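Worksheet: the structure to be examined is printed underneath.
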2 protein chains.
Amino acid sequence: MSRWDVLVEVSPRAEIADPAGTTIERALAALGFAGVGEVRVGKAIRMEVSAADAAEARSVTEQMCDRLLANPVIEDTRIELCAVAQEPIAPEPAAPEPSR
Amino acid sequence: MSRWDVLVEVSPRAEIADPAGTTIERALAALGFAGVGEVRVGKAIRMEVSAADAAEARSVTEQMCDRLLANPVIEDTRIELCAVAQEPIAPEPAAPEPSR
């Protein structure tokens, strides 16, 4: 088992109104930032997951999305993951490190 | 000028309480997902930005974070970007890997 740093991006589907995104887009234009568009505001859920490999980490995360993290009727999800750097000696840290 | 797909992840700093993250972590454990930890919930702001190259797109996005998108006292930001698919004529080189 290794640890995976997982980011789940939960964003409103394209056909769902996103007033927060619209407001940010207008505010950026008012501040002078030209050429910014398609602003969408969602949730960024970052966590550490134990899994044997990347495929298993992704599969487990998809199950979490289905069961808790996202509402597929109105939300899209994207999953990104990368391996957490391991200490060379300890093969399996029993508890999550209190780092960060 | 080309278009860049930009993701700004705005998350609570490590020393700031994150009750949403704590609640999700407990709920995942209650649903039977073992080995999940360090859950933090932030905002995922996705947008398209016009810029000459990746460095300019990143620089403009950092200014947006400073001026509007994030509160650096309590929030961290991460920026990821990649080139939006262009018409095949544009000889723009591939975007550099998003720094982590």
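Only one entry in B:ALA14, B:ALA44, B:ALA20, B:ALA34 is closer than 20 Å to A:ARG78 by Cα, of a type in the set (Gly, Ala, Ser), at the interface with chain A (Cβ under 10 Å from one of its Cβ atoms) and open to solvent by 40 Å² or more (accessible area, probe 1.4 Å), namely B:ALA20.
State whether the residues of region B:60-69 include one that is modelled with pLDDT under 95 and not aromatic (Phe, Trp, Tyr).
Keep residues of region B:60-69 that are modelled with pLDDT under 95, which gives none.
Looking through region B:60-69, none of the residues is modelled with pLDDT under 95 and not aromatic (Phe, Trp, Tyr).
Tell me yes or no: at least one residue of region A:8-21 is within 21 Å of B:CYS65 (Cβ to Cβ), at pLDDT 95 or above, of a type in the set (Gly, Ala, Ser) and over 18 Å from the mean Cα position of the chain (by Cα). There is at least one residue in region A:8-21 that is within 21 Å of B:CYS65 (Cβ to Cβ), at pLDDT 95 or above, of a type in the set (Gly, Ala, Ser) and over 18 Å from the mean Cα position of the chain (by Cα).
I'm checking my understanding of the structure. Among residues of region A:58-71 that are more than 8 Å from chain B (Cβ to nearest Cβ) and in contact (Cβ under 8 Å) with a residue 24 or more places away in the chain, which one is farthest from A:PRO12 (Cα to Cα)? Please lay out each step first, then the result.
Taking region A:58-71 as the starting set, the residues that turn out to be more than 8 Å from chain B (Cβ to nearest Cβ) are A:58-59, A:61-62, A:65-66, A:70-71.
Remaining after also requiring in contact (Cβ under 8 Å) with a residue 24 or more places away in the chain: A:61, A:65, A:70.
Numbers: A:THR61: 19, A:CYS65: 14, A:ALA70: 10 Å.
Going through the qualifying residues, I end up with A:THR61.
Can you confirm whether A:VAL60 is buried (at least 17 other Cβ atoms within 10 Å of the Cβ), among the hydrophobic types (A, V, I, L, M, F, W, C) and part of a helix (DSSP H, G or I)? Break it down stepwise before answering.
On the way: buried (at least 17 other Cβ atoms within 10 Å of the Cβ): yes; among the hydrophobic types (A, V, I, L, M, F, W, C): yes; part of a helix (DSSP H, G or I): yes.
Yes, satisfied.
The set of residues in region B:30-57 that are closer than 26 Å to B:ALA14 by Cα and either among the hydrophobic types (A, V, I, L, M, F, W, C) or in contact (Cβ under 8 Å) with a residue 60 or more places away in the chain (or both) comprises B:ALA30, B:LEU31, B:PHE33, B:ALA34, B:VAL36, B:VAL39, B:VAL41, B:ALA44, B:ILE45, B:MET47.
Identify the residue in region A:70-100 that is in a loop (DSSP other than H, G, I, E, B) and closer than 20 Å to B:ASP18 by Cβ and, among all such residues, is modelled with the highest pLDDT. Break it down into steps so the answer makes sense when it comes.
We begin by selecting, within region A:70-100, every residue in a loop (DSSP other than H, G, I, E, B); these are A:70-74, A:84-100.
Within this subset, residues satisfying the condition of being closer than 20 Å to B:ASP18 by Cβ are A:70, A:84, A:95-100.
Numbers: A:ALA70: 97, A:VAL84: 90, A:ALA95: 52, A:PRO96: 54, A:GLU97: 53, A:PRO98: 53, A:SER99: 52, A:ARG100: 47.
It comes out as A:ALA70.
The values are calculated or read from the model by the stated rules, or taken from the named source; none is laboratory data. The model shown is predicted, which means the values in this text are computed figures rather than measured ones. Glycine gets a Cβ as well: all are built from the backbone with ideal geometry, and neighbour counts include every protein chain shown. SASA here: full protein model, heavy atoms, side chains in, ligands and nucleic acids out. Shrake-Rupley method; radii C 1.70, N 1.55, O 1.52, S 1.80 Å.
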